[in-house]
Structure formats: structure tokens, C-alpha cells
Amino acid sequence: MNKETEAIIRLGKDAVVQLALDLVDDSASVQNFAKIKVTTNGNEVYVYFSNPITYLPIETIFYTDVIVTILEKTTVYSSVSNGIDDSNNKNIPFYKETNETKLNTQFVLEAINKSPEVGSIDITDFEDTMIIREYKNHYAIEVVSEVQESSYTIEKISGNLSNVMHAHLVPPPFGSESIEVFEEID
């Protein structure tokens, strides 16, 4: 591990997260993200700000995930949208859960957990990515994990699922020489 990386890690997770937020944007805070992870490969310190479950009302766009490299001082933003072309949008807000989005997300999760076609989801240790897009009469759901990608719709009134599709993802080949080892910082 190089000396610069060691010095940053010694600051502690909270201080590193604040360093990363200073590189992100004045309008971003820890409240915009459900999970924050600090890792190092010995040469760089990475901060991952993420929202594993994102609810998108009609005609919205948000930054949901951000990756910051501390020493290089680079920031990568990931946006998702629902009915808005994000290619030219320069004023994208950071995702912030509201009481309404919490209620709608809870409705979707309850519908998923009742369905024998999908399987239950425990949000306390949810490591995948779920995007819930609201439409007039239904929600469109996308879930991506390391091994599977799923999509389906949930009717707003009844909570019934339809259009269920699953695709199994191919893992990277074994024996890859370029796999870096990352250590999480607590």
C-alpha cells in the first residue's frame, strides 16, 4: 500500500466520505444515498455512494449512484430517468427518498414478496439494484444481480405481477489475470 493511500485510510471512513462529498457536489449529502462503501486496492481509495432501490415517479430523473476516486479526484455519476431524455440534461438532482416514494416502494416490495413468480426480497441486506418506474396504471420493475436480470410490471391497484422475465447473466471467465483485490474500509 502506498503512503498516500495509507494516510487517507487513517483518517477513518467518515472523514473519507466527507472528502468524497467535497468532490461530488454542494447539493449532495449522505442523506441522498442508502449505502456508502469505502474501499482501497492499495493504490487508490474509492468511495461508492449508491441507492440499491430507486423509485422514479413519472417524468423524473436523478443521480442515484456516484463513484469517487479520492487521490485522482475524479467523480463518476450514474443517472436514471423515467420519461425524460437525460442525454442533454445538465441540472440533474440527486435522488432523495420522500414519504410518498417510501410508501410506493413498500407497496411494490409487498407485491413482489407475495408473488410465487419472483421470490421474496429482504431490503435489510439487499445487494442488487432495483429500479421502480411509475406509470399511470402500473410500476415497471428492473432488478439486476450478479447472476440474474429480471423485469416485470406490477398493477397499481391490485398489486398483481405480469410480464415477468428473467435472464441469467454469464459470469466473467475464471483465471483472469487482471482481477484487483479491494479491501473495504470501516
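The values are calculated or read from the model by the stated rules, or taken from the named source; none is laboratory data. These numbers come from a predicted model, not from an experiment. As a convention, Cβ positions derive from the backbone with ideal geometry for all residues, glycine included, and neighbour counts pool all protein chains shown. The area values use the complete protein model at the heavy-atom level, side chains included, leaving out ligands, DNA and RNA. Shrake-Rupley method; radii C 1.70, N 1.55, O 1.52, S 1.80 Å.
What number comes out for accessible area per residue over the chain if the probe is 1.4 Å? Units Å², please.
Working: 11480 Å² over 186 residues.
That works out to 62 Å² for each residue.
Measuring from label point to label point, each 7 Å out along Cα→Cβ, what is the residue 35 to residue 184 span in nm?
About 0.8 nm separates the two model spin labels.
For residue 2 and residue 96, FRET efficiency with R0 = 41 Å and r from the beta-carbon atoms, rounded to 0.05? Show your work: numbers first, answer last.
Details: r = 36 Å, r/R0 = 0.88.
Plugging the Cβ-Cβ distance into 1/(1 + (r/R0)^6) gives 0.70.
Roughly how many percent of the accessible protein surface of the chain is carbon and sulfur, given a 1.4 Å probe and a whole-percent answer?
51
Can you give me the distance in nm between label points at residue 135 and residue 170, each placed 7 Å from the Cα along the Cα-to-Cβ direction?
Those two pseudo-labels are separated by 3.0 nm.
Express in whole angstrom the spacing between the alpha-carbon centres of region 89-116 and region 1-33.
Between the Cα centre of region 89-116 and that of region 1-33, the gap is 27 Å.
Apply the a/c threshold of 1.5 to the C-alpha gyration tensor of region 55-110 and tell me whether it is rounded, prolate or oblate. List each step's numbers first, then the result.
Details: a/c = 3.14, a/b = 1.62, b/c = 1.94.
Oblate, because a/c is 1.5 or more while a/b does not exceed b/c.
Once both axes come from the Cα atoms, what is the angle between helix 13-24 and the longest principal axis of the chain, in degrees from 0 to 90, rounded to 10?
The two axes meet at around 80 degrees.
Using 1/(1 + (r/R0)^6) with R0 = 22 angstrom and r between the beta carbons of residue 78 and residue 149, what's the FRET efficiency to the nearest 0.05? Don't skip to the end; give the middle numbers.
Numbers: r = 17 Å, r/R0 = 0.76.
Approximately 0.85, to the nearest 0.05.
Output needed for region 4-152: three equivalent-ellipsoid semi-axes, defined as square roots of 5 times the C-alpha gyration tensor eigenvalues, in descending order, whole Å. Walk me through the intermediate numbers first.
Numbers: eigenvalues 185, 68, 33 Å².
So the equivalent ellipsoid measures 30, 18, 13 Å along its semi-axes.
Do any of 90/136; 13/102; 37/90; 13/35; 35/102 go past 18 Å between their Cα atoms, and which? Kindly include the intermediate steps, with their values, before the conclusion.
On the way: 90/136 27 Å; 13/102 28 Å; 37/90 26 Å; 13/35 13 Å; 35/102 16 Å.
Result: 90/136; 13/102; 37/90 exceed 18 Å.
So how exposed is residue 29, as accessible area in Å² (1.4 Å probe, rounded to 10)?
40
Please give the solvent-accessible surface of residue 11 in Å², to the nearest 10, using a probe radius of 1.4 Å with every protein chain present.
Accessible surface of residue 11 is approximately 100 Å².
Counting pairs of alpha carbon atoms under 8 Å apart in space and at least six apart in sequence, what relative contact order in percent does the chain give? Provide the component values of the computation, followed by the final result.
On the way: 330 pairs, mean separation 35.7, N = 186.
Across the chain, relative contact order equals 19 percent.
Find me the longest stretch of the chain that has none of the exposed GluC sites (Glu not before Pro), where exposed means in a DSSP loop (not H, G, I, E or B) with at most 12 other Cβ atoms within 10 Å. Intermediate values should be presented prior to the final figure.
Details: sites that count: 59, 72, 117, 127, 146, 177, 180.
Free of exposed loop sites, the longest segment is 1-58.
Which three semi-axes in whole Å describe the equivalent ellipsoid of region 85-154, each the square root of 5 times a Cα gyration tensor eigenvalue, listed largest first?
Values: eigenvalues 103, 47, 36 Å².
In descending order the semi-axes read 23, 15, 13 Å.
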